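The values are calculated or read from the model by the stated rules, or taken from the named source; none is laboratory data. None of these values were measured; they are calculated from a predicted model. In this analysis, Cβ positions are derived from the backbone assuming ideal geometry, glycine residues included, and neighbour counts consider all displayed protein chains.
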Amino acid sequence: MKKNYVIIGGTSGIGLAVVKLLSQHNHHLFVGSRNERNINDVKQATFFHCNVVDNTFEFPKNIDTIDGLMYCPGSLSLMPFKRIKENIIMNEFKINVFGLLDSINFFLPFLQKNKEKSSIVLLSSVAVSLGMKYHTLVGATKGAVEGITRSLAAEFAPKIRVNAVAPSITKTALSKKFLSSEKMKNDLENRHPLNRIGYPEDIAHAATYLLSDKSDWITGQIIHVDGGLSSMSQH
């Protein structure tokens with residue numbers, strides 16, 4: 001069945017991979033971002049301008065209901081604790097937490113109007129479950145995302161399912177500086193039991209499953225897609 005999905009931050013990285021994967025199943029996709037790049041060739045995609053930092057959503061007026069929402073904007077600010085200042089903390093929370101809550105708040109009526117069950121998918125990080133040096137901001141903001149996931153899953157059940165995907169390092173624009181040399185890339189690959197880093201499509205497959213009816217009995221879960229990093233010792 002053709003469904004309506006909203007993908008916030010769907011013009012790059014993991015979000016774009018989700019858009020392309022969902023388009024293969026002829027779903028109607030509403031892609032929210034600050035610019036329309038990369039989705040012009042996706043026939044099922046309708047772009048709408050949104051800016052999660054200032055809570056702006058120019059969503060089409062003729063759409064009453066949606067079947068699923070995914071929030072993809074994020075940041076990857078790694079730094080020693082002594083460099084973390086209040087303005088940096090606020091910027092990280094604006095993107096990763098406040099923008100997420102504003103997005104859910106805006107689209108919740110569209111999900112609730114759906115006669116069928118609907119789904120929300122969020123993005124966490126492997127850094128929440130592992131103690132990783134310089135990941136204080138990632139752990140703090142994505143830890144909040146995991147708490148939100150479980151709390152809203154309980155509150156919105158049984159009508160709306162809420163889950164999150166927790167990746168390890170994934171080859172996107174955000175992680176480019178950490179993969180800038182072959183040595184850095186090899187070192188990161190060797191940390192993972194599956195001996196490679198993630199790709200946007202790896203995360204997209206898990207996310208689209210959680211958006212779909214195939215995951216109808218899954219809610220409140222954090223699905224780790226991290227090459228085994230969070231559950232197996234390094235070898």
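Report yes if some residue within the stretch 152-163 is of a type outside the set (Gly, Ala, Ser), out of contact with any strand residue (DSSP E or B) (no Cβ under 9 Å at 6 or more places or on another chain) and not in a helix (DSSP H, G or I); otherwise report no. Scanning the stretch 152-163, I find at least one residue that is of a type outside the set (Gly, Ala, Ser), out of contact with any strand residue (DSSP E or B) (no Cβ under 9 Å at 6 or more places or on another chain) and not in a helix (DSSP H, G or I), so the answer is yes.
Filter the stretch 188-203 down to the residues that are outside any loop (DSSP other than H, G, I, E, B) and not basic (Lys, Arg), then identify the one that is surrounded by the fewest Cβ atoms within 10 Å (Cβ to Cβ). Of everything passing the filter in the stretch 188-203, Asn190 is surrounded by the fewest Cβ atoms within 10 Å (Cβ to Cβ).
Selection of first residues in the stretch 106-121 that are on the phi > 0 side of the Ramachandran plot and of second residues that are of a type in the set (Val, Ile, Thr) and in a strand (DSSP E or B), restricted to Cβ pairs under 9 Å at least 6 apart or on distinct chains, gives an empty result. For the stretch 204-235, give me each residue that is assigned to a strand (DSSP E or B) and in contact with a Lys or Arg (Cβ under 9 Å, 6 or more places away or on another chain). Of everything in the stretch 204-235, just one residue is assigned to a strand (DSSP E or B) and in contact with a Lys or Arg (Cβ under 9 Å, 6 or more places away or on another chain), namely Ile222. Residue count for the stretch 25-74 under the criterion of being under 23 Å from Pro167 (Cβ atoms) and among the hydroxyl-bearing types (Ser, Thr, Tyr): the result is 2.
The single residue among Ser215, Ser231 that is at pLDDT 95 or above and in contact with a strand residue (DSSP E or B) (Cβ under 9 Å, 6 or more places away or on another chain) turns out to be Ser215.
Consider the stretch 2-31 and keep the residues that are more than 15 Å from Ala207 (Cβ to Cβ) and without any contact (Cβ under 8 Å) to a residue 40 or more places away in the chain. The one that is surrounded by the most Cβ atoms within 10 Å (Cβ to Cβ) is Phe30.
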